[in-house]
Amino acid sequence: EISSVELVSQDGVVRASSRDEGTPAESIKQAADEISIPFFEDGQPWGTLEFRFPPLGKNDPSLSSWGRTRAFLAVFCTLAILYYTYLNRMLKFLNPSRVIPGRVRSALDALAEGVVVLDDQKRIALANATFARNVGLPRESLLGQPIDSLPWLQGEHEGGADRPWSENIEIKDDEHWMMRLQGKQQVLDLKVSAALIRDDAGEVRGILASFDDVTLLEEQKHELRRSRESIARQNAELRLLATRDPLTNCHNRRSFFEEFEPHWERALQHRTALGMAIIDIDFFKSINDNHGHQMGDTVLRGTGGLLLELYDDEAIVCRYGGEEFCILFPERDIEATREAGERIRVALSQIDFEGLSVTASIGVSSIEFGAETPQDLIEQADRSLYCAKRTGRNRVVRFDEVPVDMDTSEEVSRTKPTEAAVQARIPQSAVSSLFSALAYRDPETAAHCIRVSNLTAMLSRQNMSLSDSYLAEIGALLHDIGKIGVPDQILLKPGPLTDAEWSVLRMHDRFGVEMVAASFKCDPLSAVIRHHHTPFQGHEDHSGPRGEQIPLGARIVTIADAYDAMVSDRPYRKGRDHEAAVAELRRCAGKQFDPRLVEQFADIPPSLLRREVGTNELLDIESVRCMSETCELLCTAMDANQNDSVRDLTTRLESLALASGATAVAHSTRRLLDQIAEPKPDATRMLAALCRIVDDCRNAYAHVIERRRRMLNANQPGALHVADDLEQTLAAQVEDLRIELSHALAPKNAEPAASRTTDSATP
């Protein structure tokens, strides 16, 4: 508090004063503290300005040295904080880019990647134009901001581990990771590359980071992953279609044996029951003769539908051949199997097939009767079936009810198997593995082998026991297995082969015999493959067997192989019709083929042959399945950046497409191969090309499904509507087929399938 203020001249005269009148000046000067400020005029003292304060008490804490010290410290700290804040604020917004030469700044701005320089506190010290444009903020506003203050989407990226900048993490030189940033218009996927900035002493002073915008690439990768999942579902559906009999929708023989073997091994290992039933429609030949083959097909569809409806959830239902069906009952003993057979017999007799009633004879057996192989169990059920037919038909007979001395000489197909067939043990899993390898190499050859196997089964059942017929059927399925060792440029060549290429291709028979002999060590099976090209009259050099010395299975495969080769279309010729093919078989009978077997083959109804081998559906399924599986592998390799595998698989897919006539897939794969061959392949363009390949494979798949749809629509009015297990397994792409698949399947007459088989029908 100020007591008074006086302006006093040099001569002591008070010129101005703020003290009250009547207060003695001397008393004020003695009782107060005083501060004097001198004034000068022309360099000479003029006077003073005097400030007087009332005296303070002796106990006032503000007079102590500690009080004065605290006041000084408080003022000093306040000024220091204000000064630091000011400097920090001002330096923060200084533009470091001003000290960088203009040509360097222009070079950074020209980069397609975003470039950012961070200080040791991870604040942005420099950002190029690309990064500012991606963020959607002015470059000046970014300077000084912590990098973590930007709108990063942490934890949402599928392609890599997000790196929160705010965490105290150690970043190494040349480190890469993925992050997502909410840009001005869309979410950006950024590939981040970081390098440390060090001073002369080696201390880290900042980070140089680049941000490569891979949003389009990541979107295509995500689309590729979804496409791969879709292709995988399609492949599963195609495999399912390939295991079904097209007329009845039951398992075909090949898939039945594949399912049979693991159940057999499980029953042996755990000592559980396993039942077998064979169902034969009574007087089926008379149904075809008197009512036509369309009625016969209706009866077969209805019977298959009934069996699927009754037991598809708990058993394996197979159309074993002709009018025979086979059912495997896991964990059912002989009595339970007999009851199931009786239920089938009664239910079938109650179905009205457009005014026609049918009955069935059924033979049942079980593993408890000492069968040593799956074929033994089928053989027991087959003998029980023959007993049921011989003792009045329309009945169920157990294997333990078959008379030991029952005469089966009237029917050769019911005779006991040969000693070689009894001793043979052919693991179906090994057969499936070999055949899958062949199907992957050449789907057309695989389709041809399946057709030859079906024809062999039809002819061998008239001449051989079930076990011997099984050996012949496996031999037919693997008769071209040696083509696995033939180079792709020859095996998959779409046009005619040269003489030199033929000489290489003919070596596949020797390859096949060696592969089968090493895989199964079964002489009867090897003999079928070794002699399936041996002429009936023998070789000109009189080497090897001739006539009936040639194994019966090999003679049957020879006829089936030649017939399918003649009726199948080739890129360089049209296939023959059934009558011309049979005429050629008869012309070569006695020289190339067994005359007795040729006449038996000629007696098989043409409609049955057309249904088994005369459509393109089997070839379509095998071809599209192989292409789709290769496409699935290609997507996986592309996603994993396995460039060598991508090139090899693309080349493989192009060969498959050319051999199968899938021109759209072939053109798409060629575009991808051209991009792979570029000095610096562009990943985005490669992914776009691969997505096109996936679309073309989908279209090929849709074509197969459309063929299936047309078969379903070909059902005759009044056909039995049955439950279909495909209804529960087909994926969403064929959802519109689910209702139609509940109807019985109908045969479809179509043009013969193209075949790459090189076997000649004539000597």
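The values are calculated or read from the model by the stated rules, or taken from the named source; none is laboratory data. Model, not experiment: these values are computed from the prediction. Using ideal geometry, Cβ is built from the backbone for each residue, glycine included, and neighbour counts are taken over all protein chains shown. For the accessible areas, the whole protein counts, side chains as well, though only heavy atoms, and no ligand, DNA or RNA atoms are used. Shrake-Rupley method; radii C 1.70, N 1.55, O 1.52, S 1.80 Å.
Quick notes on this structure:
- For a paramagnetic label modelled on GLU265 (point 7 Å from Cα along Cα→Cβ), amide N atoms under 18 Å away belong, within the stretch 356-375, to 372-375.
- A simple spin-label model places the labels of SER357 and ALA664 5.2 nm from each other, with each point 7 Å out along Cα-to-Cβ.
- The Rg/Rh ratio for the stretch 257-312, using Cα coordinates for both the radius of gyration and the Kirkwood hydrodynamic radius, is 1.18.
- Across the cross-link table entries LYS483/LYS521; LYS122/LYS680; LYS221/LYS493; LYS191/LYS221; LYS285/LYS591, which are compared at the Cα atoms, the separations over 23 Å belong to LYS122/LYS680; LYS221/LYS493; LYS285/LYS591.
- Within the accessible surface of the stretch 275-344, defined with a 1.4 Å probe on protein heavy atoms only, the carbon and sulfur portion equals 42 percent.
- Each residue, ASP488 and CYS77, gets one label point 7 Å from its Cα in the Cβ direction; the gap between the two is 7.9 nm.
- PHE283-ASP109 FRET efficiency (beta carbon distance; Förster radius 56 Å; 0.05 resolution): 0.05
- Kirkwood-type hydrodynamic radius, the stretch 224-369: 16.5 Å, calculated from all non-identical alpha-carbon pairs.
- Comparing Cα centroids, the stretch 436-461 and the stretch 172-240 end up 47 angstrom apart.
- Available extension along the chain between SER645 and ALA702 is 17.8 nm, counting 0.36 nm per residue and deducting the alpha carbon span.
- Between ARG226 and ALA16, the contour length at 0.36 nm per residue exceeds the Cα-Cα span by 65.9 nm.
- Taking every protein chain into account, the accessible area of the stretch 263-313 amounts to 44 square angstrom per residue (probe 1.4 Å).
- Per residue, the Cα convex hull of the stretch 203-295 amounts to 204 Å³.
- Take 141-151, 272-282, 115-125 and order them by the average number of nearby Cβ atoms within 10 Å per residue, most first; the result is 272-282, 115-125, 141-151.
- Percent carbon-and-sulfur accessible area, the stretch 202-261, ignoring ligands, DNA and RNA, probe 1.4 Å: 49
- Projecting label points 7 angstrom from Cα along Cα→Cβ for SER503 and ARG393 puts them 6.0 nm apart.
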